[in-house]
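*Asks:* To start, I am sharing the structure in question, which I have written as structure tokens.
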Amino acid sequence: MRVQFDASKQAEVLRKHGASLEEAREIFDQVYIVDAKNDDPEQFRAIGWSRGRICSVILEVRHDKVGEYYHLVTAWKATKQEVKAYAEQV
């Protein structure tokens, strides 16, 4: 799966949430879970391992000439509830 993000948001997300969008890309290289987050725009939350810790990321599924890709919106270190959800589903 292709994963992209707005590089100009990178520093802001890292400063606010302690996890970068670049770091969050690693989630998709391993086992991860996804659930729906919002309907408009349609967004999803993915939870998985990144750099030795469990992280969460909000993403949108987008399309271009090449096909489908994930557009990362924001990321953060997973909460206790998200860690538990990941452990229960993986």
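*Asks:* Of all residues being hydrophobic (A, V, I, L, M, F, W, C) and either at pLDDT 90 or above or touching a helix residue (DSSP H, G or I) at 6+ places or on another chain (Cβ under 7 Å) (or both) in region 20-39, which is nearest to Trp49 (Cα to Cα)? Just the residue, please. Walk me through it before giving the result.
*Replies:* Here is the first cut: in region 20-39, the ones hydrophobic (A, V, I, L, M, F, W, C) are 21, 24, 27-28, 31, 33-34, 36.
Going one step further and asking which of them are either at pLDDT 90 or above or touching a helix residue (DSSP H, G or I) at 6+ places or on another chain (Cβ under 7 Å) (or both), we end up with 21, 24, 27-28, 31, 33-34.
Values: Leu21: 13, Ala24: 9, Ile27: 5, Phe28: 9, Val31: 8, Ile33: 10, Val34: 13 Å.
For region 20-39, the residue satisfying everything is Ile27.
*Asks:* Quick check: is even one residue across region 43-58 farther than 18 Å from Ala19 by Cβ and either touching a residue at least 60 places away in the same chain (Cβ under 8 Å) or out of contact with any Leu (no Cβ under 7 Å at 6 or more places or on another chain) (or both)? Give the derivation first.
*Replies:* The initial filter retains those residues of region 43-58 that are farther than 18 Å from Ala19 by Cβ, namely none.
No, that holds for no residue.
*Asks:* Please determine whether any residue of region 62-80 is within 14 Å of Arg2 (Cα to Cα), touching a Leu at 6+ places or on another chain (Cβ under 9 Å) and of a type in the set (A, V, I, L, M, F, W, C). Spell out the reasoning first.
*Replies:* So the first thing to find is which residues in region 62-80 are within 14 Å of Arg2 (Cα to Cα), and the list is 62-72.
When the remaining residues are screened for being touching a Leu at 6+ places or on another chain (Cβ under 9 Å), the result is 70-72.
Pick out the ones that are also of a type in the set (A, V, I, L, M, F, W, C) and you get 72.
Yes, region 62-80 contains a residue that is within 14 Å of Arg2 (Cα to Cα), touching a Leu at 6+ places or on another chain (Cβ under 9 Å) and of a type in the set (A, V, I, L, M, F, W, C).
*Asks:* Go through region 1-15 and report how many residues are within 21 Å of Ile54 (Cβ to Cβ) and in contact (Cβ under 8 Å) with a residue 24 or more places away in the chain.
*Replies:* Step one: of region 1-15, the residues within 21 Å of Ile54 (Cβ to Cβ) are 1, 3, 5, 10, 13-15.
Checking which are in contact (Cβ under 8 Å) with a residue 24 or more places away in the chain leaves us with 1, 3, 5, 13.
The total comes to 4.
The values are calculated or read from the model by the stated rules, or taken from the named source; none is laboratory data. In this text the structure is predicted, and so the values were computed from the model without any measurement. Heads up, the Cβs are rebuilt from the backbone with ideal geometry, glycines too, and the neighbour counts pull from every protein chain shown.
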